[in-house]
1. One residue is enough: does region 430-446 have a residue meeting the conditions within 25 Å of S41 (Cα to Cα), open to solvent by less than 10 Å² (accessible area, probe 1.4 Å), modelled with pLDDT of 85 or more and not charged (D, E, K, R)?
2. Check L460, L476, L466 and return the single one that is aliphatic (A, V, I, L, M), open to solvent by less than 50 Å² (accessible area, probe 1.4 Å), over 25 Å from the mean Cα position of the chain (by Cα) and modelled with pLDDT under 80.
3. Quickly run through region 189-216 and pick out the residues that are under 26 Å from K594 (Cα atoms) and touching a strand residue (DSSP E or B) at 6+ places or on another chain (Cβ under 8 Å).
4. Do you know which residues across region 481-490 are open to solvent by 10 Å² or more (accessible area, probe 1.4 Å) and touching a strand residue (DSSP E or B) at 6+ places or on another chain (Cβ under 8 Å)?
5. Which residue is farthest from D183 (Cα to Cα), if the candidates are limited to region 64-77 and must be of a type in the set (A, V, I, L, M) and not in a loop (DSSP other than H, G, I, E, B)?
6. Out of everything in region 378-406 that is farther than 19 Å from N465 by Cα and in contact with a strand residue (DSSP E or B) (Cβ under 7 Å, 6 or more places away or on another chain), what residue ends up being least open to solvent (accessible area, probe 1.4 Å)?
7. Filter region 315-343 down to residues that are open to solvent by 30 Å² or more (accessible area, probe 1.4 Å) and within 32 Å of the chain's Cα centre (by Cα) and give me whichever is modelled with the highest pLDDT.
8. Take Q6 and decide whether it is open to solvent by 50 Å² or more (accessible area, probe 1.4 Å), on the phi > 0 side of the Ramachandran plot, in a strand (DSSP E or B) and of a type outside the set (A, V, I, L, M, F, W, C).
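The values are calculated or read from the model by the stated rules, or taken from the named source; none is laboratory data. No experiment lies behind these values; they were computed from the predicted model shown. Reconstructed Cβ throughout: ideal geometry from the backbone, glycine too, with neighbour counts over all protein chains shown. The protein model used for the area step is the full one, side chains on, heavy atoms only, and it has no ligands, DNA or RNA in it. Shrake-Rupley method; radii C 1.70, N 1.55, O 1.52, S 1.80 Å.
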Amino acid sequence: MISVEQLSVEFSAKPLFDNISFQVNPKDKIALVGKNGAGKSTMLKIFAGLQQPTSGRLSVPKGVVIGYLPQHMLYNDGVTVREEAEKAFDGIKQQQKLIDRLTTEMSERTDYESKDYMDLIDTLTHESEKLNMMGGADYEAELEKTLMGLGFTREDFDRQTTEFSGGWRMRIEIAKILLSKPDVLLLDEPTNHLDIESIQWFENFLSTTSAAVILVSHDKAFINHVTNRTIEISLGKIYDYKVPYDKYLELRKERREQQIRAYENQKKMIEDTEDFIEKFRYKATKAVQVQSRIKQLAKIERLEVDMEDTSHLNLRFPPAPRSGQIPVEVEGLTKKYDDKTILQDIGLIINRGEKVAFVGKNGEGKSTLVKCIMGEISDYTGKLKLGHNVQIGYFAQNQASLLDGEVTVFDTIDRVAVGDIRTKIRDILGAFMFGGEASDKKVKVLSGGERSRLAMIKLLLEPVNLLILDEPTNHLDIPSKEVLKQAIKDFDGTAIIVSHDRDFLDGLVDKVYEFSNKKVREHLGGIYDFLRKKQIDSLAELNKTAAEKEVKATEPVAEERSSNQISYEARKELNRKIRKAERSMEEAEKAVEKIEAEIAEMEEMLQKPENVADGTLFQKYEAKKHELEQKMYEWEILGEETEQLKAQLD
């Protein structure tokens, strides 16, 4: 579909891409990966036609539609959500105007037998068919379906776009791109402002769309669910892996080990050659050999290895002062903004040492409850009690944007540090990858990830025992997120994490609070336990009549939580067994995928004439098929056992 041919890009005479070539095929789902600064966003801009390469070319067939979602956007004001989204259908509207004009012309003419009239009929028929192919008949239904999939309600459609936050306005842009039905989708960090349900909808859309997708993201779970090909940019070159991201990580490790071995071997050879030259440079009997070695060195193409950055976010929260057994207790809390109820008669208890997640659609009250806990909101009814000696550390979603851009990294921390900690500022900054000259940079030149790290340092300046983190992983790369996740795991206090990043929450939290319809429901277990249960609930909802839904809506909350009838300890043990069974299932599933890949490879080999008579290969092929049957049977048995365990929770 699109080919990149010998493409090079230079900035200030420094090569970013060096003579690279690859092709994007229809239905490819590509993860574009590499270090920060490797050129991922630049590559997307070249594909979008917003930047020209220094040399080489990008070949795009005529008629191919490209949709581009940049990381940072400029938004239009003075229109409603519907009006802004309808801009995706400008082509359809122009086509409809053309058909209306042709129809009017036909109605005004009377030369029914003339050639011109017949040509007009043909033209109108052709343009009408073209309109149908563009989706003109049902574009409004498609618009509503897409906006609602991204979290908007019908009531939102006629609201001004200026009433929405930047995250919600970005969703409108995503909707416009999807509705334009592009042949190629270019997405630069699309999940930063989406909630979990919208991400799942978006994942499903991208996985099933016929469009090719080129994706840059730090959301590992999102990449794994969407992509089937991984292109790594490293030292100006590309490495193309026709595999999903997880498999790419394995192959990349092998490639890096091979590169390092080759680099070390070449380095030793060069050193030995240079030693020989230096040793015998002035000996006449060795002059010919010395000159030969000098020429040999000049011809060598020096190998480079994109060594992994061993400096990393060395994050450890200070020991938490001991708090009361129940740091946060909420009972019958209701919060309204004017006549709009956000939270109604909610209750929850968070125990000391628990790591819990707040999840749900944007606007369902997660940040409102956080502000109530923080004391920033006090005009609620009901009871909210903080335990003895609770000391809160808060990382807000917009924390990084609140930093003063005109001061340096060092001064940012120096202004808030007190006491002996001021003598250790350089050490702290170094642990957060702000060592050396980086500490003297002005905040305004930092990337989003660097600003988030700097804001995190401020959180660490005094010991706390209740961490409240609102979308802490936005703008952090995958390695930094892993380190932050481990630091929260090791933290001996209590943590409330508001996040949409499933991979980050997986294995970190043991309880999930779902915010929906002004209520908060408790789900014991991890984030994937919650998501699996929600999927089952959603399917069950499809089979219920409207009357049954009304009955459910009138049931008291205590009855709605019938799944909590067995004791907490029993549920905890049951969830542990379920997680263990699911891990076994995942291992069996991976084994099945591996065997299927091996069978496919053998089938490809058996199609070659030279291998047809290879009886050994055919025997291996038959044995591998038998192994697949056994592993599939094992996987089915594990699935039945898991479902039986889950049934005990109901």
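1. Yes, region 430-446 contains at least one residue that is within 25 Å of S41 (Cα to Cα), open to solvent by less than 10 Å² (accessible area, probe 1.4 Å), modelled with pLDDT of 85 or more and not charged (D, E, K, R).
2. Going through L460, L476, L466 in turn, the sole match is L460.
3. L206, S207, T209, A212, V213, I214, L215
4. K489
5. It comes out as L69.
6. G405
7. Result: P319.
8. Details: open to solvent by 50 Å² or more (accessible area, probe 1.4 Å): yes; on the phi > 0 side of the Ramachandran plot: yes; in a strand (DSSP E or B): yes; of a type outside the set (A, V, I, L, M, F, W, C): yes.
Yes.
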